[in-house]
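Comments concern the structure below.
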Amino acid sequence: MPEHTLPASAPALLARVHDLHFSYGTSPVFSGLNLIIHPGLNLVHGGESCGKTSLLLLLARVVPAQKGAVEWLWLDPAQSLRQAPAPCVYWMDPRDAQHDAIAARTYFELLHARHADFSQPDLDALVQDLGLSEQLDKPLYMLSTGSKRKVWLAGAFASRCRLTLIDEPFAALDQRSIACVKAWLNHAAQDSERACVFADYEAPEGVRIVHSIALDALAMRV
């Protein structure tokens, strides 16, 4: 796994959620939610329908909050007001079919063009580790659920964004791939410049979590 040189100084935290209110129609998800995202590896965990995926969508600014703010703290105040996802953030909904017509190789080329710190050596290692070599030129709609998730995971780690958001990283994966993803998550845990946030039901064994966010335990969540 390639090593990356980090700057001498790094921000104390990468993102902040302040007084966040969010609902789907009349069904509240968060009410007055406050939290911070640290550099390294952050776990968002909790039971079914506690808002894990919703929080990732809010952190990515894919959906807007009804009240409150999600701040990307590496940007200046004027930039942080923008609501569209930026090239410094990686998010891919594993259920999204928007890229199904293109090949995995083309998807990675799009990421390479979009993200300034995209690492081709990292991608090459991930393709090998996740067994994607024979899948690169197939349209994504032809891939199994597990293989598509491997594509999203390879893109997430290779893009090396300031904020990387991953939903249920081990779902539909074989044991070899799970071990590979754990190794890359542990690599992300050592990063003092970037933040990786992943959502799951509980903390996985063998993964070094820097900061844990238990949505079930947050008193201000409805």
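Read the figures in this text as sums done on the coordinates, not as results from a lab. All figures in this text were calculated on a predicted structure; none of them were measured in a lab. In this analysis, Cβ positions are derived from the backbone assuming ideal geometry, glycine residues included, and neighbour counts consider all displayed protein chains.
Numbers for the structure displayed
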| item | result |
| --- | --- |
| P(r) histogram, all alpha-carbon pairs of the chain included - 5 Å bins from 0, percent | 1, 7, 15, 19, 20, 17, 12, 7, 2, 0 |
| Cβ charges +1 (Lys, Arg) and -1 (Asp, Glu), total dipole of the range 15-217, debye | 280 |
| Candidates A156, A203, A195: whichever shows maximal mean-square fluctuation once the chain is modelled as a Gaussian network with Cα springs under 10 Å | A203 |
| Range in the chain, longest, excluding exposed GluC sites (Glu not before Pro) [loop by DSSP; at most 14 other beta-carbon atoms within 10 Å] | 49-201 |
| Within a Gaussian network of the chain (alpha carbon springs, distance under 10 Å), most fluctuating of P169, P204, P87 | P204 |
| Label-point separation in nm, K138 to L73, each point 7 Å along Cα→Cβ | 4.3 |
| Per-residue ³J(HN,Hα) for the range 163-172, Karplus 6.51 cos²θ - 1.76 cosθ + 1.60, θ = phi - 60°, Hz, x for Gly and Pro | 10, 10, 10, 10, 9, 6, x, 9, 5, 6 |
| Dimensionless Rg ratio for the range 117-165, taking C-alpha atoms and the 2.2 N^0.38 Å reference | 1.12 |
| Dipole of the chain, positive end: most advanced residue of A101, F170, V127 [Cβ charges, Cα centre] | A101 |
| Amide proton proximity set for A15, modelled H, under 5 Å, gap of 5+ | I37, L73 |
| Phi-based couplings in Hz for the range 104-117 (Karplus 6.51, -1.76, 1.60; Gly and Pro marked x) | 4, 4, 5, 4, 5, 5, 4, 5, 4, 6, 8, 9, 4, 9 |
| Residues with amide H under 5 Å from that of A195, placed H, sequence gap 5 or more | G40, L163, T164 |
| Tally of Lys pairs whose C-alpha atoms are under 28 Å apart, taken over the chain, 8 or more apart or cross-chain | 9 |
| Cβ-Cβ FRET estimate between S23 and E168, R0 fixed at 22 Å, reported to 0.05 | 0.45 |
| Contour excess over end-to-end distance, with Cα ends at A179 and D93 and 0.36 nm allotted per residue | 28.8 nm |
| 5 angstrom amide H check on V44, placed H, neighbours 5+ away | F198, A199, D200, I213 |
| J(HN,Hα) series, the range 51-57, from Karplus relation 6.51 cos²θ - 1.76 cosθ + 1.60, nearest Hz, glycine and proline x | x, 4, 5, 4, 5, 4, 4 |
| Cβ-based exposure ranking for Y141, Y90, in which fewest neighbours within 10 Å come first | Y141, Y90 |
